[in-house]
Amino acid sequence: MKRNLIFILILFFITSILPSNSFAAGLNFGDIIGHWAENEVSQSAAEGWIDGYPDGTFKPGATVSRAEFVKMMGAAINLRPDSQTSKFLIESSGFSGERVFGLTDVSRHWVYAQGWLEPALAFGLIIPSDYSGGKFEPDKPITRKEIAVITVRALGLVYNANHGKVEGSEFIDIDQIPEWTKGYIHQAAEAKVIVGYPDGSFGGKHSATRAEAVTMVNRALKWMKAGQDAEIKVLVRKPVEYYPEAPAHETDLTAPAQVINNCIFVPARSVYQTAKEKLYPQYRSGINFRWNPEEQILWFEYGVDYQFQSGNDRYGFYGTGINQYSPELLASARVLNGELMIPVYDPDKQPFQFNGGKITWDPKTKTITIPLGEPYHPIS
C-alpha cells in the first residue's frame, strides 16, 4: 500500500512539472529548443494551425512555399476547408470552378485538392491577377513582400492599403518595392506584423523562413483578435415602437464580438442571418449576401441594397455603393476570422441606427440589442 502511494506521488510530481498537452506538441519539436521563435512555434502548434515533419522536427530555418503559407494562414484564421465561414465565402463570392482554375497550375496540387486554396481565393487572400499568366507556382518559396500582402488582406486592411497615405520611411529599401504593394507594406508595419532587418531594410524579395512566417501570422492574430469577448451576447429584435411585444432573438455569432477603443463590433452576417431566419422569415428570399474578395465588401439585399467595406467608416445603400456621400459608421468596419465586423455601439458617440430603432447595451449582462426594421420593398 505504501509502495503504491509513493508511486502515485512520484507520478503526480512528474506530470505537474511537464508542459501541458496544449504546448507539448510544439515543445516536442527538438530543433526549436533555444530558437528565437521557440515560443511562437510552440503556441502555434498548441493552437493547431501548424505542424511539423514526420521525423519530429519543425525546421524553423527552412523556406515556406506559397501553398504552405496559404494553408498556414487559412488554418489560423478559420478559413479551413470545412468551416462554415469558408462555405459562406465560396457561395457568396460567386466563385465557380472556372474562376478557381484561373490559376492555371493548381488543379493537381495538394493545396487545391485538400481544399485550402478555394477559401483563400473566395475571401481574397489570393487574387489571381497578381500572378502573371495565372501561374500561382504553389511550390515556389514565398517572399516577405507576398506575406505582407496576404497578411494585410487577412486583417481586412485592403481599403486602407489602397486608399490610405503611404509612408515610405519605415524601411530604407522602400523604393525597391513595387508601387502597388507599398500601401500593404505600410499597413503591415503599422499593425506590427512585420519588422525590418537591423540595417533598416525590409528585404521584400527575400524568401521567408518557417519561423518568420509563423511569427508574422501570430502577430496578425494578435492584432485581429484584440478586444475579442466571447461573453458578449447579441440580440436582434423588431423595433419596439412598432412591435412592442416582439421577442428578442439571440444571434448565433459567426465570430465573437469585439470591443475596440470602447466601440463594440459584431459580425454583420450573424445579425442579418438572424433577421432572415427569425424576424422576417416571410421575406427570406429577399435577404441575400454577396462578398467582394478584391475590395472586401459585404453586400447584402435587405429589401434594398446595403454595403459594408472592411477598413471603411462609411456604408452604402440603395445601390449607390460606398463613397464620400454614404452615411458614417461609428468606426471603420474590420475583419475577424474571415467575417466582416461592423461597429454598432459606442457610449461616447451618438447611437448608431441602421434601419431600426436605438441599439442598446447592458453592461451588467454584456448584452447588446439591435432592432431591425422590416425590409424595405421586400421581395417575397
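On full extension, the segment bounded by Gln228 and Asn288 gains 18.9 nm, given 0.36 nm per residue less the C-alpha separation. What's the carbon and sulfur percent of the chain's accessible surface, probe 1.4 angstrom, rounded to a whole number? Carbon with sulfur: 52 percent of the solvent-accessible area. Axis angle, to the nearest 10 degrees, between helix 66-76 and the longest C-alpha principal axis of the chain: 60 degrees. With each label modelled as a point 7 angstrom along the Cα→C-beta vector, the Asp173-Asp362 pair spans 5.7 nm.
If one takes the longest principal axis of the Cα atoms in the chain, at what angle in degrees, from 0 to 90 and to the nearest 10, does the Cα axis of helix 210-224 lie? The two axes meet at around 30 degrees. Under Stokes-Einstein, with the Kirkwood radius over Cα pairs as Rh, the value for the chain at 37 °C and 0.692 mPa s is 144 µm²/s.
Spin-label model, Tyr131/Glu250: points 7 Å from Cα along the beta carbon direction are separated by 4.3 nm. Given R0 = 25 Å, the distance between the Cβ atoms of Asn39 and Gln114 translates into a calculated FRET efficiency of 0.30.
Here the dipole of the chain is about 720 debye; that uses its Cα centre as origin and unit charges on the Cβ of Lys and Arg (positive) and Asp and Glu (negative). Normalised per residue, the accessible area of the chain is 48 Å², obtained with a 1.4 Å probe and no contribution from ligands, DNA or RNA.
Note on the chain: helix-only mean residue ellipticity at 222 nm, from DSSP H runs of 4+ residues weighted -39500 (n - 2.57) and normalised by residue number, equals -9000 deg cm²/dmol. For segment 71-210, the C-alpha radius of gyration divided by 2.2 N^0.38 Å, with N the number of residues, is 1.08.
In whole percents, the pair-distance distribution calculated for segment 150-227 from its alpha-carbon pairs, binned every 10 Å from zero, is 19, 53, 27, 1. For segment 271-321, the spherically averaged projection of the C-alpha convex hull amounts to 3.7 nm². Measuring r between the beta carbons of Tyr197 and Thr104 and using R0 = 51 Å, the FRET efficiency lands at 0.90.
The values are calculated or read from the model by the stated rules, or taken from the named source; none is laboratory data. Keep in mind that this is a model prediction, so the values were computed, not measured. As a convention, Cβ positions derive from the backbone with ideal geometry for all residues, glycine included, and neighbour counts pool all protein chains shown. Only protein heavy atoms, including side chains, enter the accessible area calculation; ligands, DNA and RNA are left aside. Shrake-Rupley method; radii C 1.70, N 1.55, O 1.52, S 1.80 Å.
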